[in-house]
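Step one of this worksheet: look at the structure below.
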Amino acid sequence: MHPIRIGVIGLGYVGLPLARLFATKFPVIGFDLNQQRVKEINEGLDKTLEVDKNILQGVLVAENPLISGRNGLYCSFKPEDINDCNFYVITVPTPVDKNNRPDLTPLIKASETVGRVISKGDIIVYESTVYPGATEDDCIPVIEKVSGLKFNTDFFAGYSPERINPGDKEHTVEKILKVTSGSTPEVAEIVDATYRSVILAGTHKAPSIRVAEAAKVIENSQRDINIAFVNELAKIFNAMKIDTHDVLEAAGTKWNFLSFKPGLVGGHCIGVDPYYLAQKAQEAGYHPEIILAGRRLNDSMGKYIATEVVKLMIKREITVKNSKVLMLGITFKENCPDIRNTKATDIYHELISYGIDVDVFDPWASVNEVRREYGISIISELIESINYRAVILAVAHNEFMKIDLQLFKEKGSIIYDVKGILPRDLIDARL
């Protein structure tokens, strides 16, 4: 194969860190339809905060590096700028629809984009989370139709599942072992070698694309099921007036006990991937029981938390309707601006259904993005003089640890700790 020239399609939480890393060894074009996003990246700004400004600026080049042949990253929203790439990596989102069915629309559209520009001998690698078979059964036919080229004769494919953990500055893309695969043994080796050249943690070459797809989708399904188990334990032990965290701490003294904590399960992977596996299982004639049961349990936690807070208010003889409640955090995890598939919104909507006036404060979340995605207006400043009847710690941002919640408690506020990290004498209850 000629010297590799990489095009990364989709510059979000997965695509930009990968493009930046590849740009240390290859000429890279980052492509995204969002013109504002492209403009910001070319100026050295990453609003997802996944790539440090200095690191990003260190690989950016002012013009298309495919022309000069130099290593570096140039981002564009013009499809013609990726014409001369020969190694395409697709990193677009794979969400579910309102009925929790896999939505491959972004993946299909990205495949169409690549299909219009590829040439003979090119390789297309997918990183988006999918069910086994999606690459070869759903995406490749689109590329064949648009390009007029024949799969595994004129062009080739690979699959290397993303393992980005948003907000994690320790386990960055180059430090996480990468699974790779290819549509032929020769292509599998090229794909593996390309990733191996930049991934410090090394690679694992799967025997087929389907195996790599399946490995990805069960990674998060396994975690989802384990969290569902402890979430159910939390419901059981709360009914028994036993502190779940005390139980887990005691059980955790056994050498082979798996450490999981109860909580909200959202985000772009754990709260979505099991539905992709379940969909394919049902198509194969098998109805998954444990996987979907875990999903139902975890999806119920926002409503459960809100109901527990309302019960505490009633016991305290606090009038529920028109009371003001403060929810701290709306991102799907701590110290990260990512609001994709956040389940904190479930707490909000359930409280609203009781006629409660909810203020949401989150210094990490974009006010405009939250309003656009969820129709929720979040406050930009925390005013401690407001008489909140309850305060819910929904996300464990570092900034929230600096808030003097004792001031709210002294005014009669109920303190509910979803994350289980606040001092025991401060809270009224925790999940």
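Quick notes on this one:
- Neighbours by Cβ (under 7 Å, 6+ apart or cross-chain): first from region 64-88, in contact (Cβ under 8 Å) with a residue 40 or more places away in the chain and among the polar types (S, T, N, Q); second surrounded by 15 or more Cβ atoms within 10 Å (Cβ to Cβ) and part of a helix (DSSP H, G or I): N71/P65; S76/V38
- Residues in region 69-84 that are assigned to a strand (DSSP E or B) and farther than 13 Å from K25 by Cβ: Y74, C75, S76.
- Any hit, region 251-261, residues being modelled with pLDDT of 95 or more, part of a helix (DSSP H, G or I) and surrounded by fewer than 22 Cβ atoms within 10 Å (Cβ to Cβ): yes
- Number of residues in region 198-220 that are over 19 Å from Y126 (Cβ atoms) and either among the small types (G, A, S) or in contact with a strand residue (DSSP E or B) (Cβ under 7 Å, 6 or more places away or on another chain) (or both): the value is 2.
- Scanning region 1-42 for residues that are more than 21 Å from the chain's Cα centre (by Cα), surrounded by 19 or more Cβ atoms within 10 Å (Cβ to Cβ) and part of a loop (DSSP other than H, G, I, E, B) returns R5, A23, F26.
- Residue match in region 237-247 (condition: among the acidic types (D, E) and surrounded by 19 or more Cβ atoms within 10 Å (Cβ to Cβ)): no
- Test: residue in region 275-297 that is under 22 Å from the mean Cα position of the chain (by Cα), more than 30 Å from R210 (Cα to Cα) and not assigned by TED's automatic domain parsing to the domain that holds T94: no
- Total residues in region 318-349, condition touching a strand residue (DSSP E or B) at 6+ places or on another chain (Cβ under 9 Å), among the polar types (S, T, N, Q) and at positive phi: 2
- The set of residues in region 130-150 being under 22 Å from A281 (Cβ atoms) and assigned to a loop (DSSP other than H, G, I, E, B) consists of V130, Y131, P132, G133.
- Qualifying positions in region 262-292 - assigned to a loop (DSSP other than H, G, I, E, B), of a type in the set (D, E) and closer than 14 Å to R101 by Cα: none
- Considering only residues in region 51-92 that are surrounded by 15 or more Cβ atoms within 10 Å (Cβ to Cβ) and of a type in the set (D, E, K, R), the one that is nearest to R5 (Cα to Cα) turns out to be D84.
- V395 vs. criteria touching a strand residue (DSSP E or B) at 6+ places or on another chain (Cβ under 6 Å) and either touching a residue at least 60 places away in the same chain (Cβ under 8 Å) or surrounded by 22 or more Cβ atoms within 10 Å (Cβ to Cβ) (or both): no
- Only one of I421, I352 that is touching a strand residue (DSSP E or B) at 6+ places or on another chain (Cβ under 7 Å) and either assigned to a strand (DSSP E or B) or within 29 Å of D224 (Cβ to Cβ) (or both): I352
- Which numbered condition S197 misses (of (1) touching a residue at least 60 places away in the same chain (Cβ under 8 Å); (2) surrounded by 15 or more Cβ atoms within 10 Å (Cβ to Cβ)): (2)
- Residues of region 389-410 classified as closer than 15 Å to D359 by Cβ, assigned to a loop (DSSP other than H, G, I, E, B) and at pLDDT below 95, total: 1
- Selected residue (criterion: modelled with the lowest pLDDT) from residues of region 204-250 that are part of a helix (DSSP H, G or I) and among the hydroxyl-bearing types (S, T, Y): S221
- Against the numbered list (1) surrounded by fewer than 19 Cβ atoms within 10 Å (Cβ to Cβ); (2) farther than 21 Å from F400 by Cβ; (3) modelled with pLDDT under 95, E334 comes up short only at (2).
- Total residues in region 103-129 satisfying the condition of being out of contact with any strand residue (DSSP E or B) (no Cβ under 6 Å at 6 or more places or on another chain) and in a helix (DSSP H, G or I): the figure is 9.
The values are calculated or read from the model by the stated rules, or taken from the named source; none is laboratory data. A quick note: this is a predicted structure, and the numbers were derived from the prediction, not measured. Here the Cβ is made from the backbone with ideal geometry for all residues, glycine too, and neighbour counts use every protein chain on show.
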